[in-house]
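The values are calculated or read from the model by the stated rules, or taken from the named source; none is laboratory data. Model, not experiment: these values are computed from the prediction. With ideal geometry, Cβ positions are generated from the backbone for all residues, glycine too; neighbour counts draw on all protein chains shown.
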Amino acid sequence: MKFVIAIEPGDSQYAFGVSVPDLPGCFSAGDTLDEAIDKAREAIDAFCAALIEDGGDLPAPRPLSEHQADPDFAGWIWAVVEVPIERYFGPAEKVNITLPRLLLAKIDEYARQHGESRSGFLAEAARAAMR
């Protein structure tokens with residue numbers, strides 16, 4: 001799953017601070033930009049594992065542009081990270097569905113253009129529809 005992260009610039013005295021706007025309370029830091037991004041992935045993974053184990057639902061993601069408009073993040077660096085949290089939702093199950101060929105082709109093209117699999121796209125579309 002992809003997550004938007006906001007990185008507060010650091011320097012030789014201060015670490016790079018990381019906030020995950022779609023997961024209130026999820027944050028981390030790193031001494032370098034690369035370390036900050038790696039630590040953000042770890043923080044997101046741990047945060048989501050705890051949230052799901054406690055029976056919570058992940059908040060709906062908001063568009064990057066919405067986060068960028070937040071004055072609290074003015075001057076911060078933006079990135080999108082992939083964190084494989086799907087394993088916390090239980091084992092995957094195969095399903096057999098029937099879709100019109102043209103719709104399936106459009107789904108596959110959209111998923112490919114966005115670096116997703118067909119299954120990943122359909123799962124996220126279902127989550128979004130049920131929010």
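Return the residue satisfying two criteria in turn: it lies in the range 76-95 and is at pLDDT 90 or above and charged (D, E, K, R), and of such residues it is surrounded by the fewest Cβ atoms within 10 Å (Cβ to Cβ). This residue is 94.
Remark: pairs (first residue in the range 89-113, under 28 Å from residue 47 (Cα atoms); second residue part of a helix (DSSP H, G or I) and small (Gly, Ala, Ser); Cβ separation under 9 Å; 6+ apart in sequence or on different chains) = 89/123; 92/119; 111/119; 111/120. All of 50, 74, 60, 46 fail the test of being without any contact (Cβ under 8 Å) to a residue 24 or more places away in the chain and either over 18 Å from the mean Cα position of the chain (by Cα) or closer than 19 Å to residue 130 by Cβ (or both), apart from 74. Selection of the range 35-75 for residues being in contact with a Phe, Trp or Tyr (Cβ under 7 Å, 6 or more places away or on another chain) and crowded, with 16+ Cβ neighbours inside 10 Å yields 36, 43, 44, 48, 52, 67.
Inside the range 96-131, can you point out the residues that are among the hydrophobic types (A, V, I, L, M, F, W, C), out of contact with any Lys or Arg (no Cβ under 7 Å at 6 or more places or on another chain) and either surrounded by 11 or more Cβ atoms within 10 Å (Cβ to Cβ) or in the same structural domain as residue 58 (by TED's automatic domain parsing) (or both)?
Filtering the range 96-131 for residues among the hydrophobic types (A, V, I, L, M, F, W, C) gives 97, 99, 102-105, 107, 111, 121-123, 125-126, 128-130.
Those left that are additionally out of contact with any Lys or Arg (no Cβ under 7 Å at 6 or more places or on another chain): 97, 99, 102-105, 121-123, 125-126, 128-130.
Residues satisfying the conditions are 99, 104, 105, 121, 122, 123, 125.
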